[in-house]
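See structure below.
The values are calculated or read from the model by the stated rules, or taken from the named source; none is laboratory data. Since the structure is predicted, the reported quantities are computational estimates derived from the model, not experimental observations. Methodologically, a virtual Cβ is constructed for each residue, glycine included, from the backbone with ideal geometry; neighbour enumeration extends over all protein chains shown.
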Amino acid sequence: MKGRWVLGVDIGGTNLVVAAVPATGGQPTSIRSEATQASRGPDDAVERIVVMANEVIEETLAAERGRRSDFAGVGIGCPGPLDLGRGVIVTTPNLGWDGFPIRTRISEKLQMPASLDNDANCATFGEWWQGAGKGVGSLVGVTLGTGIGGGYIERGRLMRGVSGSAFELGHTTINFEGRLCRCGNRGCLEAYTSGPNIAARALDGLASGRTSILPDLVGGDLEQITAETVYEALVQGDGFSTDLIRETADLLGIGLANVVNLFNPQMIVLVGGVTRAGEHLFGPLRESIERRAFPSAVGACRVVSGALPATAGVIGAAGVFVIDRVA
């Protein structure tokens, strides 16, 4: 593959991130980030991605005294489900974009070849390629943020499934009569453990009469409560928030125990904003998995936090472009 650099684009429910990544692997040399503002639509997002991408290219080439041809192309990570063959967003429950040809739009505007993959696949690949899972043979990645995503790598290969929508972990059912998910199903893992749904469950608890310092932290405006607010309250010793995060860990453990029993992975890497809870999350999460999964599978699997908290998605998106071009 010709080119020293690949643009990585990570489209998330909260932020759009663009960076230049060495084609041989390594840390980004330039990075730009903006709020996604999904309600403005995918065309607006593409325009802003292109502006950021050109800034990244110019900054990188100025520092490296290179030429635009030193960029081999652009790898795009986006929530799905996606039609990978056509490069089209089929639907995105957390963005509200449907039937949009995002790969073609970005490729044409940047005049570069492009690849497209699920954002969780990209984050998983990033952690395997350059992060916590480097060199691991069998790895499951879990993204915990605006939504819950998953990816699976076996012997260096992303397992995408027949139609490219494999490992939609957030939309596996953990309670068949449970909370309504934005995908339309009830009881999805995402409906309990994503950042917005942690906040929603906090509001439910307050409405039921639970005592907490959460209202004080947001000046009484309960709509301002986020998962981050819950973590802040937990650190300050709030009993309700502590219970909420422990319950979140237990629910996430149900989903991951199923993954451990199904795939028997060597490692599970968790990335995303929800992991900021640290051992308040990871401790009870590991306990939940141990209670539910087969001991032999649990004993063979490490559950760790990602090593690339801000860049797994863009590094992985660039890496997916590289392997798709080499394959």
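Any idea how many residues of region 229-242 are assigned to a helix (DSSP H, G or I) and without any contact (Cβ under 8 Å) to a residue 12 or more places away in the chain?
Here the count works out to 1.
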- Query: Just wondering, is there one or more residues in region 129-136 that are free of Cβ contacts under 8 Å to residues at least 60 places away in the same chain and either surrounded by fewer than 24 Cβ atoms within 10 Å (Cβ to Cβ) or assigned by TED's automatic domain parsing to the domain that holds residue 9 (or both)?
  - Reply: yes
- Query: From the residues in region 135-178 that are of a type in the set (S, T, N, Q) and in a loop (DSSP other than H, G, I, E, B), which one is farthest from residue 272 (Cα to Cα)?
  - Reply: 163
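Look through 43, 117, 83, 98 and report the one residue that is closer than 18 Å to residue 163 by Cβ, charged (D, E, K, R), surrounded by fewer than 20 Cβ atoms within 10 Å (Cβ to Cβ) and touching a residue at least 24 places away in the same chain (Cβ under 8 Å). Outline the logic, then answer.
Values: 43 fails: closer than 18 Å to residue 163 by Cβ; 117 fails: surrounded by fewer than 20 Cβ atoms within 10 Å (Cβ to Cβ); 98 fails: touching a residue at least 24 places away in the same chain (Cβ under 8 Å).
Matching residue, one of 43, 117, 83, 98: 83.
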- Item | Output for region 149-166, where each listed residue is in contact with a helix residue (DSSP H, G or I) (Cβ under 7 Å, 6 or more places away or on another chain) and without any contact (Cβ under 8 Å) to a residue 60 or more places away in the chain | 151, 153
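Scan 253, 272 and give me the residue that is within 17 Å of the chain's Cα centre (by Cα) and either acidic (Asp, Glu) or crowded, with 21+ Cβ neighbours inside 10 Å (or both).
Working: 253 fails: within 17 Å of the chain's Cα centre (by Cα).
It is 272.
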- Message: List pairs: first residue in region 294-306 and touching a residue at least 60 places away in the same chain (Cβ under 8 Å), second residue crowded, with 18+ Cβ neighbours inside 10 Å and assigned to a loop (DSSP other than H, G, I, E, B) anywhere in the structure, Cβ distance under 9 angstrom, at least six positions apart or on different chains.
- Response: 304/132; 304/133; 305/132; 306/131; 306/132; 306/133; 306/272
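Give me the residue from region 185-228 that is part of a loop (DSSP other than H, G, I, E, B) and free of Cβ contacts under 8 Å to residues at least 12 places away in the same chain and, out of that set, nearest to residue 239 (Cα to Cα).
Applying the first criterion (part of a loop (DSSP other than H, G, I, E, B)) to region 185-228 yields 185, 187, 189, 194, 208-213, 218-221, 225-226.
Add one more test, that the residue is free of Cβ contacts under 8 Å to residues at least 12 places away in the same chain, and what stays is 208-209, 218-221.
On the way: 208: 15, 209: 13, 218: 17, 219: 19, 220: 18, 221: 20 Å.
The residue in question is 209.
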